[in-house]
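Peer 1: Shown below is the structure under consideration.
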Amino acid sequence: MLVPKRGMFVKNLQEATERICELKGSLVALDALMPAVIGALDASSRAKLMDSFDAHAEAARMVLLHADISEAVLAAFERDVARNRAILRTDAQPRHAAPPKAKVDPLLLSTTRISTFTRSQHLARATGFFFRRGGRLFLVSSRRVFKDAPGSQSPDRIEMELHTDLRDLTKRVTVSLPLYAAGFAQLREFSDRAGTVDVAALEIPADRLPAAAQLQVFDETDLEAREEDIAAADPLTIVGFSLGGHDTVHRLPVARSATLASAFGVPFQSRDCFLTDGPTDAEMGGAPVVRPRIAQGRSTVARPWQLLGVHSTRIDMFSADRVQAQAPGLHCAWYVEVLMKLTAER
């Protein structure tokens, strides 16, 4: 009885091996066909194909992430998506002259525009920025955009836009991140001794970022003072997506000038924040507040800024006097120590 079973096993193994070889041949044929098809398209058609491919790849990624498959399948999927995008990106440019790389201040690529949704219903917009701690990447923004939704609805997901090609800043992809998984909130929040802090962090799984995503990330080295003094009236920069004031074609934020309006290092009104003086609006909530490095010039430092805090458009929690709370140009910025507590290992 053992011989027939062994013979059947060998036959099945041979058939499986032949089938695998056939699939490999088919994939090689498709790999040869794709560059030929792309090369026959005009520039406009290739750009549309790139956008369509990004959308379909994101949909496929969502299906795979919720399917019972191995990590090897996911890794192969991400590798081939990146390879196919490379073919599209290469063929999307004229072969005789590649356009110059766009000159964009890296600081502008550290932020993204956030939109919140309940299912398909759009609720609000704000600014967020990227912060890496150890091997984990976080999206940081104002807590109010995740919690203080219009009416009684609370968002269940967010969308953010990422650039995918620094030669053509009109090319971007929208990434959707859930705020709940298996019934558990993914958002990280924090309260100081006087109440809830208007800052929240959402960890971004590495497999949710497209391979071609172009972004700049703050890390712990950007928090270091490097023996530089910080004093009241020092110039600051708040980088965010101002309501109606940002570049809607290239999806780039604006850098608003501000000054330090309170004693730095002293908790304003016993809260973990300081005040800034400068024009901003509601959609800039969650923007990074930075100061230029002084000890070293911009030409010698790759990242010539220090991250001081997270911008909030609200200061009304500090005073019962509504007139004082709405002082023109004054806004709250939460110290980066809050950010460190939010992103600590759990």
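Peer 1: For the range 180-289, which GluC sites (Glu not before Pro) are both in a DSSP coil and crowded by at most 15 other Cβ atoms within 10 Å?
Peer 2: In loop regions of the range 180-289 (DSSP not H, G, I, E or B), the sparsely surrounded GluC sites (Glu not before Pro) are GLU189, GLU224, GLU227, GLU228.
Peer 1: Per residue Cα convex hull volume for the range 106-208, in cubic angstrom? Don't skip to the end; give the middle numbers.
Peer 2: Numbers: hull volume 14.2 nm³, N = 103.
Hull volume over Cα atoms, normalised by residue count, gives 138 Å³.
Peer 1: Once you sort the root eigenvalues of the Cα gyration tensor of the range 166-206 as a ≥ b ≥ c, which label holds: rounded (a/c under 1.5), prolate (a/b larger than b/c) or oblate (the other case)?
Peer 2: Since a/c reaches 1.5 but b/c is at least a/b, the shape of the range 166-206 is classed as oblate.
Read-outs throughout are calculated quantities, based only on the coordinates presented, and are distinct from any laboratory measurement. Everything numeric in this text was worked out from a predicted model, so none of it was measured. Glycine also receives a Cβ, built like all others from the backbone with ideal geometry; neighbour counts cover every protein chain displayed.
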